[in-house]
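Beneath this line is the structure, given in structure tokens, with notes to follow.
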Amino acid sequence: MEVNDALVQQLATLSRLEFSAEESAGIQQDLQRMITFVEQLSTLDTTGVPPLLHMTDNVNVLREDVVIPAISRETALRNAPAASDQYFKVPKVIKK
């Protein structure tokens with residue numbers, strides 16, 4: 001596949017980017033190198049190689065839930081600029 005100015009301009013338009021002429025030339029070269037590399041991969045013989053779905057055989061590796069100490073409600077409300085007995089008080093933001 002050949003990367004030309006029209007393709008770079010189309011990609012720039014789709015990605016909402018603007019490039020100068022120098023940047024466009026550099027991007028064109030970079031894209032051409034990437035496509036050439038991917039085309040080299042297609043020459044490999046992959047018969048008998050199963051598809052790789054996951055990088056490891058681990059499935060749902062989760063940690064156990066552990067209860068850790070937290071600050072008390074009183075301690076949290078003590079640092080609030082405004083609070084009632086159980087809640088933070090905040091300014092009203094919705095007007096009826």
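So the values come out like this:
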| quantity | calculated |
| --- | --- |
| Within segment 1-16, considering residues that are in a loop (DSSP other than H, G, I, E, B) and within 24 Å of the chain's Cα centre (by Cα), the one surrounded by the fewest Cβ atoms within 10 Å (Cβ to Cβ) | Arg16 |
| Among (1) outside any loop (DSSP other than H, G, I, E, B); (2) surrounded by 10 or more Cβ atoms within 10 Å (Cβ to Cβ) - the single one Phe19 does not satisfy | (1) |
| Counted residues, segment 55-72 - those being more than 30 Å from Met1 (Cβ to Cβ) and at pLDDT below 85 | 6 |
| Sole residue being on the phi > 0 side of the Ramachandran plot and not small (Gly, Ala, Ser), chosen from Arg16, Arg63 | Arg16 |
| Residue list for segment 39-96, restricted to those being of a type outside the set (Ser, Thr, Tyr) and part of a helix (DSSP H, G or I) | Glu39, Gln40, Leu41, Arg73, Glu74, Ala76, Leu77, Arg78 |
| Odd one out for Leu41, checked against (1) closer than 30 Å to Ala6 by Cβ; (2) modelled with pLDDT of 90 or more | (2) |
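The values are calculated or read from the model by the stated rules, or taken from the named source; none is laboratory data. Source: prediction; values computed, not measured. Every residue, glycine as well, gets a Cβ built from its backbone with ideal geometry; the counts of neighbours run over all protein chains shown.
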